[in-house]
Structures are given as C-alpha cells and as structure tokens.
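Here is the structure we will look at, set down as structure tokens.
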Amino acid sequence: MSKEVNVGGVSDPHYRYRRPALRVKEELRGTNGQRTVVENIEEVSKAIHVPAIYPTQFFGYELSVSARFQEKTKEGGRTCAVLAGIHSAALLEKVMTKFELLYVVCPNCKDGGTRLSVSKKNGVRIKCGACGKISNPRSVNKLEKFMVKNPPPKQQSGLEIGANAAQSKSELGAIGSVGGLESVLGGQSPSKKESKAKSKAKKKKEVKEEPEAVEDQKELDHKEEPEEPQRQATPREKFLEFIKSLRTEEGKSFDELQIVALCSELDRLALVHSLSKPDRLKLSLSGLIDTSLAPKTLPSQFSALRSVFLKLAPDRHAKLTFIAAILHILVTPPEGLEDQKSNKPQSLLSYLPMILMALYESEVLSEDDILAWMGSPPDLDTWAVSREVAVKAKKVSKELAEWLEAEDE
Ligand SMILES: [Zn+2]
C-alpha cells in the first residue's frame with residue numbers, strides 16, 4: 001500500500017483525515033526540458049475532495065513554474081500533474097500541506113472533512129461537515145481567482161458527504177465534490193473547446209516525434225495573467241507577503257492554524273532557498289518583528305508572538321539559536337531600510353534585556369535558557385552577529401542574569 005500522510009500536516013497519528021503521500025517522479029527528458037510529475041495527483045485530490053486542477057495550479061503559483069493537469073487519454077495514458085523544472089517530493093509535500101491548510105482544514109474547528117463552495121458571488125468558501133460552519137479561507141491567494149473561473153463540478157446525487165453532514169445535505173447541494181474524472185472534465189467546459197482545438201493542432205504537428213504530446217493536455221498556467229517580469233523576491237519579502245495574506249483581525253494574535261501555516265510556509269521557504277535552521281529562525285524573526293517601529297514596542301511585539309516562538313524554538317538548543325537570531329535583527333537594519341537608517345547598530349541592542357525579560361515573563365524562555373545563553377561563549381553566536389556584538393549583548397544582559405539568579409535562590 002502506498003504511504004499516507006495527514007491532511008494539513010497534522011502530527012496527530014490518530015487524525016482521521018489522511019491522504020496518499022504524493023508520488024513524485026523527476027523527469028530529465030530532452031525535448032520537454034526537465035520536469036516533475038506528480039503521478040497520483042488525482043488520487044490525492046480525491047481524498048481531500050477537490051478537483052485535481054486546484055492543487056496542480058497551486059503548485060504552479062507557489063513554485064512560479066508552469067503547471068498543468070494531464071488528463072487520462074483513451075489510449076490509457078496517465079493522469080498527473082506536470083510541473084516545469086525539478087522539485088523534490090519534500091518540497092511538493094510542503095506546498096500541498098499549505099494548500100490543505102488554506103482550503104481543506106476547517107478554519108473554525110480544524111476538521112478535515114470539508115467541501116469547497118465556489119461561486120462568482122461569494123468567492124471561495126469552505127463548508128465544514130463537522131461543525132457546519134462556512135468560512136473564508138485563512139488567507140488570500142491568487143488561486144481563489146482561478147477557482148472562481150474553474151468552479152468544481154456540481155455535486156453528483158447520492159454522493160457520500162460524510163456522516164455528520166447528512167442533515168445539512170440540501171445546503172451542501174451546491175458544493176462541488178469529488179466526482180470522477182468525467183465531472184472534473186465537465187467543470188472545465190468553458191475552456192474545453194479551445195483546448196481541444198489546440199491539442200488537435202498539436203496532434204498534427206507533433207504526432208510523429210512526441211507520442212506524449214498527443215494526449216489531451218490542458219494548459220493551466222499563467223496565460224491569463226501574465227506576470228510582469230520582476231526581480232526575484234527575497235525570502236523575507238515572500239514571508240512578509242504571506243504574513244500579510246493571513247486574515248488576522250487587527251491587534252489579534254495568530255490562531256493555532258495560522259501558526260501551523262506560518263511554520264509550514266517557513267519550511268517551504270527554507271527548502272526553496274536552502275536555508276539552514278538558524279537562517280530559518282533569522283528569516284522568521286525578520287518577518288515577524290518590525291524593528292523599524294519605536295524600539296520600546298519591541299518587548300511587547302515579542303510577547304504577542306509567544307505561541308509562534310514556542311513552536312519555532314521548542315528546545316534548549318533552538319532557544320539559544322533563537323536568542324542569537326534576536327541579536328541579529330537588533331543590529332541589522334530591515335531589508336530596504338539599510339540606507340535610511342544608517343542604523344546605530346548598537347542602539348537597539350540595549351533593548352535586549354527588556355526583550356529577554358518579556359520572553360521570560362511570557363514563558364518562551366526559562367531562566368535556565370537565558371542563563372545558559374549568558375554562560376555560553378560569544379563565539380557560539382557568531383553565525384548570527386559579529387563576536388563584538390555577541391560580547392556586548394552579554395554585557396548589557398548581565399544585570400538581568402544576576403536578577404534571574406537571585407530569583408532562583
Ligand atoms: Zn468545522
């Protein structure tokens with residue numbers, strides 16, 4: 001049997017919602033260039049009740065590559081998602097998890113038994129079979145536009161919806177669901193003619209040298225919204241963009257699901273940009289903490305993100321790295337502001353004790369964590385800051401350390 005994973009990256013081994021792991025094949029072929037094929041995209045999509053074109057398109061958007069869903073042919077060809085370029089299975093799983101956190105896991109009760117409802121009027125909404133709530137996705141993604149243009153096929157009668165949802169079945173009538181391949185095709189009707197014609201043309205041209213190209217292929221990618229050529233966004237910009245996209249009410253901290261989404265986005269960025277664990281922490285802090293605001297807001301910025309940091313720095317080792325990463329953002333002006341604030345690098349460093357105190361009070365760091373960092377040689381922090389800064393940081397925190405020690409006695 002093929003390997004299974006929990007929907008939405010949930011770690012609970014008894015979680016009810018599972019799907020097959022992605023079966024990924026890298027193809028280094030001559031004529032089409034390098035590409036990656038997700039061989040079981042349809043099976044996976046079926047398990048989470050979405051048309052296979054949605055995650056396929058999502059891969060394309062998230063990885064900034066062309067992506068298409070290849071349908072089964074009469075000759076028994078395969079259905080699969082075809083992505084330009086080589087992408088590891090680990091990375092694709094991360095992207096898939098992000099998709100599930102956005103569109104499959106219920107934002108209200110975290111249940112995985114949901115259906116997507118897509119309409120021009122209401123956009124994309126998630127209907128939950130467990131709690132009955134209809135929610136907007138957690139964050140805005142351009143995939144929603146694509147979904148509205150390509151709504152799921154109408155639900156077929158007699159289709160199993162899930163035990164809890166039975167009573168609200170009439171309400172669920174309009175929801176698109178699993179369906180077979182046929183209905184997925186049906187949902188595509190607006191563009192069908194065009195693509196048929198296209199593939200016919202292709203057939204004539206390529207039938208001899210390229211047997212695979214005769215399959216009924218559907219280009220799903222960026223034709224409609226050509227992206228203006230632009231410089232590659234930095235990981236920090238991408239992360240900030242993602243944070244911005246989370247639908248969080250003003251002044252409210254992230255909820256549990258958003259934190260999972262944040263961490264999985266960090267994982268994804270770390271994979272895409274080959275970031276080490278410490279660099280991933282640096283990135284997360286530089287995205288979450290705004291050092292261009294008044295410095296006295298720093299301690300409260302940190303305590304407000306308590307639950308995020310607990311997740312990002314779960315153990316002693318990670319916490320020591322975490323403190324060094326804090327030093328880094330205190331002495332490094334935010335990207336883009338390098339010139340404006342010919343930042344007196346040491347000045348924010350004087351806020352370190354207050355930040356450590358805030359983290360101590362919100363129980364992100366224990367006194368042992370802080371004292372362990374104080375007692376560690378400054379050279380351990382030099383991956384993040386210069387030795388000079390590390391020495392200075394320990395100097396300014398001395399009083400705090402003494403206070404913590406006295407508390408202990
Ligand atoms: Zn729910």
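Surrounded by 16 or more Cβ atoms within 10 Å (Cβ to Cβ), within 16 Å of the ligand (Cβ to nearest atom) and not polar (S, T, N, Q): does that describe residue 80? Full working, then the answer.
On the way: surrounded by 16 or more Cβ atoms within 10 Å (Cβ to Cβ): yes; within 16 Å of the ligand (Cβ to nearest atom): no; not polar (S, T, N, Q): yes.
Criteria not met by residue 80.
Note down all Cβ pairs under 8 Å where the first residue falls in the stretch 358-382 and is assigned by TED's automatic domain parsing to the domain that holds residue 303, the second is in a loop (DSSP other than H, G, I, E, B) and small (Gly, Ala, Ser), and they're at least six residues apart or on different chains.
From the stretch 358-382, the pairs are 360/366; 364/313; 370/397; 374/397.
What number of residues within the stretch 118-145 are within 16 Å of the ligand (Cβ to nearest atom) and in a loop (DSSP other than H, G, I, E, B)?
Total meeting the criteria: 8.
Would you please name the residue that is nearest to the ligand (Cβ to nearest atom), looking only at residues in the stretch 96-117 that are among the β-branched types (Val, Ile, Thr) and in a loop (DSSP other than H, G, I, E, B)?
The qualifying residue nearest to the ligand (Cβ to nearest atom) is 105.
Among the residues in the stretch 85-95, are any without any contact (Cβ under 8 Å) to a residue 60 or more places away in the chain, away from the ligand (no atom under 13 Å from the Cβ) and in a loop (DSSP other than H, G, I, E, B)? Give the derivation first.
Taking the stretch 85-95 and keeping what is without any contact (Cβ under 8 Å) to a residue 60 or more places away in the chain, we get 85.
Right, trim to away from the ligand (no atom under 13 Å from the Cβ) and you get 85.
From what is left, the residues that are in a loop (DSSP other than H, G, I, E, B) are 85.
For the stretch 85-95, residues without any contact (Cβ under 8 Å) to a residue 60 or more places away in the chain, away from the ligand (no atom under 13 Å from the Cβ) and in a loop (DSSP other than H, G, I, E, B): present.
Please find, within the stretch 146-160, the residue that is modelled with the highest pLDDT out of those that are over 17 Å from residue 69 (Cβ atoms), surrounded by fewer than 19 Cβ atoms within 10 Å (Cβ to Cβ) and not small (Gly, Ala, Ser).
Applying the filter and picking the extreme gives 148.
Name, by its number, the condition in (1) buried (at least 19 other Cβ atoms within 10 Å of the Cβ); (2) under 18 Å from residue 53 (Cα atoms) that does not hold for residue 129.
Evaluating residue 129 over (1) buried (at least 19 other Cβ atoms within 10 Å of the Cβ); (2) under 18 Å from residue 53 (Cα atoms) leaves (2) as the failure.
Determine whether residue 46 is of a type in the set (D, E, K, R) and more than 27 Å from residue 274 (Cα to Cα). Can you show your working first?
Working: of a type in the set (D, E, K, R): yes; more than 27 Å from residue 274 (Cα to Cα): yes.
The answer is yes for residue 46.
Restricting attention to the stretch 278-297, which residues are closer than 22 Å to residue 233 by Cβ, touching a residue at least 40 places away in the same chain (Cβ under 8 Å) and outside any loop (DSSP other than H, G, I, E, B)?
Step one: filter the stretch 278-297 for residues closer than 22 Å to residue 233 by Cβ, giving 278-292.
The next check asks that each one be touching a residue at least 40 places away in the same chain (Cβ under 8 Å); those that pass are 278, 281-292.
Result: 278, 281, 282, 283, 284, 285, 286, 287, 288.
The values are calculated or read from the model by the stated rules, or taken from the named source; none is laboratory data. Keep in mind it's a predicted model, so treat the numbers as computed, not measured. Positions of Cβ are generated from backbone atoms using ideal geometry, with glycine treated the same way; all protein chains shown enter the neighbour counts.
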